[in-house]
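Report on one structure; see the data block that follows.
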Number of protein chains: 2
Amino acid sequence: MPTALHAWDPVEIALQGASNGNPYLEVQLSAIVEGPDGEAEVIGFHDGGGAYRIRFLPSAPGTYRWRTRSNHPELDGKTGSLEVEAARPGRHGPVRAEGVGFRHADGTPHLSFGTTCYAWTHQDPAVQEATLRTLAASPFNKIRFCLFPKSYRYNENEPPLYPFEGTPLTEWDWDRPDYAFLRHFDESVRRLDELGIQADVILLHPYDRWGFSTMPRDAEARFLRHVVARLAAFPNVWWSMANEYDLLPDRTEEYWDGVFQLVRDADSAGHLRSVHNCVRWYDHSKPWVTHLSVQSANVGQGAELRRRFGKPVVFDEVCYEGDIEETWGNITGFELVHRFWVGTVCGAYVGHGETYRHPEDLLWWAKGGELRGESPARIAFLRRIVEETAPDGLTPIEDDWMYHGRGARASDGSVLVFFGPHQPCCWRMPPGGPFRVDWIDPWEMSIRTIAERAESGQVVELPSVRPHRALRLRKL
Amino acid sequence: MPTALHAWDPVEIALQGASNGNPYLEVQLSAIVEGPDGEAEVIGFHDGGGAYRIRFLPSAPGTYRWRTRSNHPELDGKTGSLEVEAARPGRHGPVRAEGVGFRHADGTPHLSFGTTCYAWTHQDPAVQEATLRTLAASPFNKIRFCLFPKSYRYNENEPPLYPFEGTPLTEWDWDRPDYAFLRHFDESVRRLDELGIQADVILLHPYDRWGFSTMPRDAEARFLRHVVARLAAFPNVWWSMANEYDLLPDRTEEYWDGVFQLVRDADSAGHLRSVHNCVRWYDHSKPWVTHLSVQSANVGQGAELRRRFGKPVVFDEVCYEGDIEETWGNITGFELVHRFWVGTVCGAYVGHGETYRHPEDLLWWAKGGELRGESPARIAFLRRIVEETAPDGLTPIEDDWMYHGRGARASDGSVLVFFGPHQPCCWRMPPGGPFRVDWIDPWEMSIRTIAERAESGQVVELPSVRPHRALRLRKL
C-alpha cells in the first residue's frame, strides 16, 4: 500500500453502506471533488458486500475536498479531504490526443508501440504472470485486450471467472456482476500501469459463446458504466468501444454513437476513445473519437488519414507475425517489421501481434504468455531510433515526391527515410540541412554513419544496393 | 517480300500521284474495301515523293475489291482486287478486349506480359537490333514505346531522325513530316510483329525538349491521323493516347476525349485504345477506352478495378527493377516479381521495366539494349505457369476471404494462390475439387507436387513455413 497519495496515481474514496436489495441496480453514488485542478463530479460504484468506492485521478499536488451525492441516505452528503503530493518520477498522466500525435497529460510526448493479447486476463494465473513478465521486457508500451472472455479458434478454454453471476455457460443474472471478475480486471490494469504500459481496454466484441455479446441493451449500458467508473482513475486506460465492432449483430451506427457518449460521460479522467473495425470503418471524424484505431494492412495510407481526420492514426491490426492458417495471422516477422517502418514514416502508429501455432494453443495474440517471433527485437530497435530522432513524433514529408510515403521529419529538422523494397544507388539530401547521414539496417539492427556532413541538395552514394534499408538524416 | 497475301497480315495498295504542292496537307485519299469480312472505308496517306499508300488488315481469306476516293483526280476512282489466303500459322489478328480479358480477333486468348522501352526506336541501329534480339529471348509479348523522341534524365542523346522537317532543335515545319522517320517507325512495328510482340504505341508524351509536345493542335491532329492510317494495318498495334497524359500542359479531359475519338475514327482495324496516367486517372469507363492502362504500385486493386470498369486491367507501370535514384525506378527484381504475382492473381496484367544505372545511360526502360535484371527469368516462369494453368485467363476469387486478394480461378476450375509475405502452415482446399496440389517457389522457379489428390475442405499441410510461395491446385 502506498504511504502517500500522488498526482497521476488513482485515489479511492471507500465508503461502507447497506448491501440489502440490489445496490448494483438501485444505488446511485457520486462525489463532487474539488482540488487544485478544479471541481468535477466523479461516479462511484458498489463493489460487493456493501463496499462503495469513488475513484478519481488527481492531476496536481494539493488538497482535494469531496462531498458525496447518493439516493442512499447512508452514502449521501459524506465529506472528506485528501492531501496529494507531486507526481512520482516517470508518472505523466493519461495519454491525450494532441493534433495528430499523442502526449501525456503533463505534456510529455507519447510514441505508441502496441501489441495485442485479446484474452490475457482470462487465462490461468501462471499465464497471466508470464504475460506481464514478457511485456516488461518487450518494446511494447500498450496492449489491446478484451473486458469480456473471448470465444474463437485458439480461444477455446473457459475463463477462470465470468463477468456475471448465474449458471455458467447457460444462464446469467445480468443484474448481478461478479465482483471478483471485476476486481481482477482492475488489478490487471493496475499491473500494466506499474510497468508503464497503456491498457487499451476493448469493451465489447463479437467472439462469444456465452451470450455476453447479446445481453439486453439496458444491462449492457449499466455494466459499461460500472466498468468505466471502476477503471477511469487508472492513468493508463484507453477505451476501445469494441473490437471488429461491425461484426456485432444488430447494432446501428447510432448505437455505437451512444456507446461512445456513455463512456465519455462516465469517465472522470477523459481517456482516449476509439473503436476497431473489421471491414466497415466507423466515422472517425465524430467529435467523441479521439484517434483512429483501425485494422488495415495498408499502413501507407497513414499520412492521408492524418490529413483527412486531423487525429492520431493507430493501425493496431496490420496482420500478425505467425504461421496459422488464417491470413490475418501468418505474415513473417520481416513483413511485420516492414509495416511498422512504413507506418512510422507515414506518421502513424502500428500495432504488433503474434500467432505462431502452439501445441496448447498458447498464441500470444490470444492468451499472452511468451513471445517467440522475430519482430519484437526489431520493433524495439525502431522504437529506440524514433525516440532518439523524433521524441515528439514524426511528420510525413508530403511536399517532395521522392520522400512522399518514404520519409518523415522530426521537429528538430532531422529526417527518417525507409526504402522498403526500393534499392536506390544514392539519395539527395532534402532542404533543411546540413545533416549527418546514418545508414540503417532495420533487420540486422545496425546503424552506420556514412557521411558526417551532407548539405541540402547533395547526392549521397549509398554504401550498397540492397533493399529494406533506412536512412537517418540528423540535423546538424 | 511475301509471295502471297494472308489474313492477319497487312495489305498495302500503293498508288503513284503528283507530289506538287503539299500532299500531306492537301490530298485526301481513302478506299472502300469490300471483302469476305464486309465493306469498310480505309484511310490512305502520302508517303513522300508522290507515293500514296492505303493499308488494311484482311481478316479472312478471299477476294478483296477496292475503289479509291480522293480530292486528287489522279488518285480518285482507282480500283483493283487482291486474293488473300488463309492466315499463316500462329497469326491470330489484333488483340481485342472481351469482358475483363483479352483475345485475338480469331478467338485465341491473349495473356499480356509487357515491358517498357520508351525510346527504343530513337537509338542507334545497333542498339535497336540488340533490343529486338533481347525481346525475342524474353518473356515479354508487348512493349510500350513512344512515337516521339523522348527527352528526360537518361534520355539525353539526340535521335537519328526527327518526326518533322525543319531545323533540328529550333524550328520545325509542322506541315512536312519526315517520311524517313515514319517509315522507320512502321518498320519497328513490323519487326515486333515478326517476333509476335504487341506494339503499345504511345502517341503523345510530355518528355520533350524539341517542342513536339506543344505543337499547334491542328498540326498534332493531322499528324496523329497520318500515323494511325500508316500503322493500323499492323495486327500487333495497341494505341496509348499518351504516357502520363496528365503531365501534358494545357489539355482538358475533353481534349483527350477528342484524341481517343480521332484515333478510333482513323483506325480501320479497331485496335485497343487506352491512356497512361501519372497521378490523375483518366475516366476509363468512357466508351472509347478498351482497357485500363494504369500507373500504380497498388496491383492488389486489380480485382476491384475489373469489377468497377468491366474491362481488362493492365498495370503497365508498377515501379521498375533497378537502382537509380528515382523511386519509380529502384525496386528489386524480387519486388517486381512479387507485384507480377499479386497482379496476376487479382486478374490483372502487370508490366515490366528495368532501370539499372549504366555508364552510357543504356537503361532498358529508356533505350532498350540488354536486360540485366533478375525479374525477367521469373516473369517467364510465371507466364509459363499461367499459360499452362489458365490459358484463357484468371478470375480472382472474391467470394472466399481466405482467397480474396491471394487466389484466382482458371476456367477449368484450377486455382492459383500467391502467398506473398504470408507463411501459412497449411491451406484449406476450396470448393470445386478434388485437386492435385503443386507447391511453387516463384523465385527459385521450382514446382513440386505435394498432394496428388486433395478434396475440397481438406487442409493440406504446407511443406515449410516460408514466405513468397505459391500454390497451384490443378482440378482433377
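The values are calculated or read from the model by the stated rules, or taken from the named source; none is laboratory data. Being a predicted model, the structure only gives us computed values, none of them experimental. Note that each Cβ is placed from the backbone with ideal geometry, even for glycine, and that neighbours are counted across all protein chains shown.
What to note about this one:
- Odd one out for residue A:103, checked against (1) in contact with a Phe, Trp or Tyr (Cβ under 7 Å, 6 or more places away or on another chain); (2) in the same structural domain as residue A:234 (by TED's automatic domain parsing): (1)
- Residues that are within 14 Å of chain B (Cβ to nearest Cβ), surrounded by fewer than 24 Cβ atoms within 10 Å (Cβ to Cβ), touching a residue at least 24 places away in the same chain (Cβ under 8 Å) and not aromatic (Phe, Trp, Tyr), drawn from region A:356-365: A:357, A:361
- Residue in region A:98-119 that is among the hydrophobic types (A, V, I, L, M, F, W, C), closer than 24 Å to residue A:243 by Cα, out of contact with any Cys (no Cβ under 7 Å at 6 or more places or on another chain) and not in a loop (DSSP other than H, G, I, E, B) present: yes
- Being touching a residue at least 12 places away in the same chain (Cβ under 8 Å), part of a strand (DSSP E or B) and over 23 Å from residue A:471 (Cα atoms) is a property that residue A:350 lacks.
- Residue in region B:330-337 that is within 10 Å of chain A (Cβ to nearest Cβ) and assigned to a loop (DSSP other than H, G, I, E, B) present: yes
- Residues of region A:300-329 classified as small (Gly, Ala, Ser) and within 11 Å of chain B (Cβ to nearest Cβ), total: 3
- Residue count for region A:104-133, restricted to those that are under 17 Å from residue A:320 (Cα atoms) and out of contact with any strand residue (DSSP E or B) (no Cβ under 6 Å at 6 or more places or on another chain): 1
- Residues of region B:444-476 classified as within 14 Å of chain A (Cβ to nearest Cβ), surrounded by fewer than 17 Cβ atoms within 10 Å (Cβ to Cβ), part of a loop (DSSP other than H, G, I, E, B) and among the hydrophobic types (A, V, I, L, M, F, W, C), total: 1
- Which listed residue, of B:440, B:447, is aliphatic (A, V, I, L, M), within 27 Å of residue B:376 (Cβ to Cβ) and more than 29 Å from the chain's Cα centre (by Cα): B:447
- Put simply, of A:209, A:280 the only residue that is touching an Asp or Glu at 6+ places or on another chain (Cβ under 6 Å) and surrounded by fewer than 19 Cβ atoms within 10 Å (Cβ to Cβ) is A:280.
- Exactly one residue out of A:405, A:413, A:433, A:393 is within 14 Å of chain B (Cβ to nearest Cβ), surrounded by 15 or more Cβ atoms within 10 Å (Cβ to Cβ), part of a loop (DSSP other than H, G, I, E, B) and not aromatic (Phe, Trp, Tyr), and it is A:405.
- Exclusive hit being hydrophobic (A, V, I, L, M, F, W, C) and under 18 Å from the mean Cα position of the chain (by Cα), set B:182, B:161, B:231, B:169: B:231
- For region B:288-296, the condition of being surrounded by fewer than 24 Cβ atoms within 10 Å (Cβ to Cβ) and within 14 Å of chain A (Cβ to nearest Cβ) holds for at least one residue.
- If you go through region A:52-78 and keep only what is surrounded by 18 or more Cβ atoms within 10 Å (Cβ to Cβ) and not basic (Lys, Arg), you end up with A:52, A:54, A:56, A:57, A:58, A:59, A:64, A:66, A:68, A:70, A:72, A:75.
- Selection count, region B:253-292, where residues are among the hydrophobic types (A, V, I, L, M, F, W, C) and either more than 18 Å from the chain's Cα centre (by Cα) or closer than 26 Å to residue B:53 by Cα (or both): 10
- If you filter region B:368-377 down to residues that are within 12 Å of residue B:115 (Cα to Cα) and not in a loop (DSSP other than H, G, I, E, B), you find that the one that is nearest to the chain's Cα centre (by Cα) is B:376.
- Every condition in (1) modelled with pLDDT under 95; (2) in contact with a strand residue (DSSP E or B) (Cβ under 6 Å, 6 or more places away or on another chain) holds for residue A:360 except the one numbered (2).
Residue-by-condition table, conditions (1) out of contact with any Cys (no Cβ under 6 Å at 6 or more places or on another chain); (2) free of Cβ contacts under 8 Å to residues at least 60 places away in the same chain; (3) within 22 Å of residue B:328 (Cβ to Cβ):
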| site | (1), (2), (3) |
| --- | --- |
| B:126 | yes, yes, no |
| B:173 | yes, yes, no |
| B:184 | yes, no, no |
| B:204 | yes, yes, yes |
| B:216 | yes, yes, no |
| B:229 | yes, no, no |
